[in-house]
Amino acid sequence: MDTPRTQNSRIPDAAATGNPVNQLDWDLLWERFGIAVVTVAVWVIAGLSTPRFASADNFVSVLRQSAFVGVSAVGMTIAVIAGTFDLSVGSTQALCAWVAVSVAKIAGVLPAFLAAVTLGSIIGLCNGSLVALVRIPAFIATLGTMFLVNGLTYIVTNGQTVRFSGKPFVWWGNAQIMSVPVPFVVFLACALLGAVILHRTSFVRSVYAIGSNREAANVAGVPVLGTTIFVFVVVGLFTGLGATLLGARLYSAGPGLEPGFELNVIATVVLGGTRLAGGRGSMLGTVAAAVLFATLANVLNLNHVDAFVQRVVVGLVLLLALSVEGVRQRLAEYWSRQTAAIPQASQSVPGNLSTSPTNSKP
Amino acid sequence: MKHLPRTSKLCTLLSVSALTVLTVICVAQNSAKKKIGFSVYDMQYGFFQEMEKGTREAAEAAGYDYVFVDQKSSESTMVSSTQDLINQGINALIISPFKPDALGPIVDAAKEKKIPVVIDDIGGGGTDYDVIVISDNEKGGVIAAEYIDSVLKSRPNNSKKVASITCEPSAVYAARRNVGFEKRLKGLGYQVVATLSGNSRQEEGYRVTKDILSAHPDVAAIFSCNDPMAVGAAQAVADSGKSGVKDVFIVGFNADEIALQAIKAGQMGATIQQVPREMGKMTVDLATKLINREKLQYSNAANREVYVPVNLITEKEAGALLKK
């Protein structure tokens, strides 16, 4: 079986129900590209409605801002596809950023990146082991590490912010390469890497399989334990990388770096079309969603929308985006009832509905 | 499957148009007016609501376009939202930074566009800002010392021993309160028997006061660097069977609501009020001067500081403030 197709359980379904393979699958297209289309649409609308939006400076800001959540969201996308998630990324980010800035101050840029990425991976390893070996549900396990790492951060940092404005280090957070902000370049590289991982390796088939149906994956001989642990390591690794970029952006890092970061990351992944139930998702969606969130925050700021109203808007957008799937299914059900008399149609619709994977969170 | 394209197109359209509505809540503003941008620490707190009010009123009175963003107590949001402010073509930036340490990228970005930066309170983070407005902390300490002296004079039986509770060591501006207090009291012939840090926290203010009371049972007054610690001190004094007014006269700093209530209830003596609204007004005045390239009058030229006066709040004023 071609690997890209394993990404989506619909194509085998479609084949099973006898539909020609070359038929356009709008659901699939929506799932893959919907959020990207919406993001571009929002850009156009924002550009037309807000004079300040379409300036080069502002685009740089938006793209740069999308990267800090985005890099971590790359790892989280893989985790969510595997039917799990990590609540500890916010604490991990704060600790890694602090370590990165501290190390950059003493030893330079490369050691800073290495230290943060290693630390992130170790925290990921702990999370993965707790979930896979000790069999604590991911929600509880990562909630636990969230508190633990957060507390550790305050102890290690003594509540103090560390500051370092060495040019080679802050370059990673603030500079541009041909008008494209460096953090965004790194984000795209990470997303590309994530996409390659998701499309090319057998690891990913395991990820999708675990996300779709953990029990079945286990029975089928998918290395569930190893894959689960590895997924958490990947989340930690990307979070450590993103944290270094943020530290470079802020010239500093301290405990309580970005309250609610973990929820922003998960929201980005879910808005990007990855199902929280696991089994499906794409990296392109995550990139688009990260940019969309950054755009929204920017446009709302440019229009002087009150900070509390901003939260309401972000919540509404998330709910709206996620209701699309449900609304679509309801409409499909309605249509199937309308057209139940025609055998062909009634045959295809249950095929659609059966694609919602059985939820099997560890 | 022929019907599905229609439904999903519909859904796409629906969500796109909904997002449109959200983004088009704006009016294109195009005016020749000069623009002042204010980036506020967090509008959750009364202190910063007052500061924002003062800034806005002064900016509007001076004929500026006024734009502001909320940092929501996040370093990351502080930098990104202030960057959005800078990108809007403001003529001056006023900022009360959540984390002064993360001011570097903001001040660098503003300087690149030749936008003057006025910091309102908290700290400058060692950056190249133009001016920082802070409460006259040292004077506040002096006012507290003189008020304590006037109260204790009418109680000849009291000792000449006083104690001073400081904020966390990193709060450099707040530390000046205790410096001003101790210097003035010594000048008035008192003995400062203890200077201890309560790290700005109420429970530590309580603990530190317990220590002071057991080491110096005859201490006559305690000055605290902020109100939560002063309220903690008042609780400790009350737990020792004494009064925070009649036996050990306690003075705090900030005029927080808990302190005003404690003063009204007779649990502590007084507090020193900062006036964020006046601070906001001052930042706009300074921004105007910077835009017009006028020379600034600093209270402390070495650190580019300008001070805003503070007020003494006793039982009488506390009642009035609480009614507001």
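Values as computed for the structure displayed
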{"quantity": "Meets criteria (in a helix (DSSP H, G or I), facing chain A (nearest Cβ under 7 Å), over 24 Å from B:Met78 (Cβ atoms) and at pLDDT below 85) for B:Leu13", "calculated": "no"}
{"quantity": "Residue match in the stretch A:250-257 (condition: out of contact with any helix residue (DSSP H, G or I) (no Cβ under 8 Å at 6 or more places or on another chain) and not in a loop (DSSP other than H, G, I, E, B))", "calculated": "no"}
{"quantity": "Checklist (1) over 20 Å from A:Val89 (Cα atoms); (2) within 11 Å of chain B (Cβ to nearest Cβ) applied to A:Val182, failing item", "calculated": "(2)"}
{"quantity": "Failed item in (1) surrounded by fewer than 19 Cβ atoms within 10 Å (Cβ to Cβ); (2) touching a residue at least 40 places away in the same chain (Cβ under 8 Å), with B:Ser150 passing the rest", "calculated": "(2)"}
{"quantity": "Evaluation of B:Leu322 against (1) under 20 Å from B:Phe47 (Cβ atoms); (2) of a type outside the set (D, E, K, R); (3) surrounded by 15 or more Cβ atoms within 10 Å (Cβ to Cβ) (one fails), failing number", "calculated": "(3)"}
{"quantity": "Entirely in the stretch A:125-230, the helices (runs of 4 or more DSSP H) that have 2 or more residues that are among the small types (Gly, Ala, Ser)", "calculated": "A:138-157, A:182-200, A:202-212, A:214-219"}
{"quantity": "Filter result for B:Asp101 (within 14 Å of chain A (Cβ to nearest Cβ) and in a loop (DSSP other than H, G, I, E, B))", "calculated": "no"}
{"quantity": "Residue among B:Asp136, B:Asp128, B:Asp149 that alone is within 30 Å of B:Glu57 (Cβ to Cβ), in contact with a Phe, Trp or Tyr (Cβ under 9 Å, 6 or more places away or on another chain) and not small (Gly, Ala, Ser)", "calculated": "B:Asp136"}
{"quantity": "B:Ala110 over 16 Å from the mean Cα position of the chain (by Cα), within 14 Å of chain A (Cβ to nearest Cβ), closer than 30 Å to A:Leu246 by Cα and among the small types (Gly, Ala, Ser)", "calculated": "yes"}
{"quantity": "Test: B:Gly89 is facing another protein chain (nearest Cβ under 8 Å), farther than 21 Å from A:Pro259 by Cβ and touching a Pro at 6+ places or on another chain (Cβ under 9 Å)", "calculated": "no"}
{"quantity": "Answer residue from the stretch B:269-303, given it is among the hydroxyl-bearing types (Ser, Thr, Tyr) and crowded, with 23+ Cβ neighbours inside 10 Å and is farthest from B:Lys139 (Cα to Cα) among those", "calculated": "B:Thr283"}
{"quantity": "Checklist (1) within 17 Å of A:Glu31 (Cβ to Cβ); (2) more than 9 Å from chain B (Cβ to nearest Cβ); (3) modelled with pLDDT of 80 or more applied to A:Val327, failing item", "calculated": "(2)"}
{"quantity": "B:Thr55 being in a helix (DSSP H, G or I), modelled with pLDDT under 95 and either crowded, with 24+ Cβ neighbours inside 10 Å or in contact with a helix residue (DSSP H, G or I) (Cβ under 9 Å, 6 or more places away or on another chain) (or both)", "calculated": "no"}
{"quantity": "The listed residue being away from chain B (no Cβ under 14 Å) and surrounded by 24 or more Cβ atoms within 10 Å (Cβ to Cβ), out of A:Val224, A:Val219, A:Val234", "calculated": "A:Val234"}
{"quantity": "The stretch A:63-81 - residue that is of a type outside the set (D, E, K, R) and in contact with a Pro (Cβ under 9 Å, 6 or more places away or on another chain) and, of those, nearest to A:Asn301 (Cα to Cα)", "calculated": "A:Gln65"}
{"quantity": "The stretch A:37-53, residues that are more than 14 Å from A:Leu300 (Cα to Cα) and more than 9 Å from chain B (Cβ to nearest Cβ)", "calculated": "A:Thr39, A:Val40, A:Val44"}
{"quantity": "Residue in the stretch B:146-172 that is modelled with the lowest pLDDT, counting only those that are of a type in the set (D, E, K, R) and within 24 Å of the chain's Cα centre (by Cα)", "calculated": "B:Glu168"}
{"quantity": "Index of the failed condition, B:Gly46 passing every other in (1) surrounded by fewer than 21 Cβ atoms within 10 Å (Cβ to Cβ); (2) at pLDDT 85 or above; (3) closer than 30 Å to B:Ala255 by Cβ; (4) not aromatic (Phe, Trp, Tyr)", "calculated": "(2)"}
{"quantity": "Flag for B:Gly89 being of a type outside the set (A, V, I, L, M, F, W, C), touching a strand residue (DSSP E or B) at 6+ places or on another chain (Cβ under 7 Å) and surrounded by fewer than 19 Cβ atoms within 10 Å (Cβ to Cβ)", "calculated": "yes"}
{"quantity": "Hits in the stretch B:206-260 - residues which are more than 22 Å from B:Ile143 (Cβ to Cβ), among the small types (Gly, Ala, Ser) and in a helix (DSSP H, G or I)", "calculated": "B:Ser214, B:Ala215, B:Ala236, B:Ala238"}
{"quantity": "Members of the stretch A:259-271 that are within 14 Å of chain B (Cβ to nearest Cβ) and surrounded by 24 or more Cβ atoms within 10 Å (Cβ to Cβ)", "calculated": "A:Phe261, A:Glu262, A:Val265, A:Leu271"}
{"quantity": "In the stretch B:170-205, the residues that are in contact with a helix residue (DSSP H, G or I) (Cβ under 7 Å, 6 or more places away or on another chain) and outside any helix (DSSP H, G or I)", "calculated": "B:Leu188, B:Val192, B:Ala194, B:Thr195, B:Leu196, B:Gly198, B:Ser200, B:Arg201"}
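Results for (1) modelled with pLDDT of 95 or more; (2) of a type in the set (A, V, I, L, M, F, W, C), shown as yes or no for each residue.
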| site | (1), (2) |
| --- | --- |
| A:Cys126 | yes, yes |
| A:Ala132 | no, yes |
| A:Pro137 | no, no |
| A:Thr145 | yes, no |
| A:Asn150 | no, no |
| A:Tyr154 | no, no |
| A:Thr157 | no, no |
| A:Arg163 | no, no |
| A:Gly166 | no, no |
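The values are calculated or read from the model by the stated rules, or taken from the named source; none is laboratory data. All values reported here derive from a predicted model rather than from experimental measurement. FYI the Cβ positions are ideal-geometry reconstructions off the backbone, even for glycines, and counts take in every protein chain you see.
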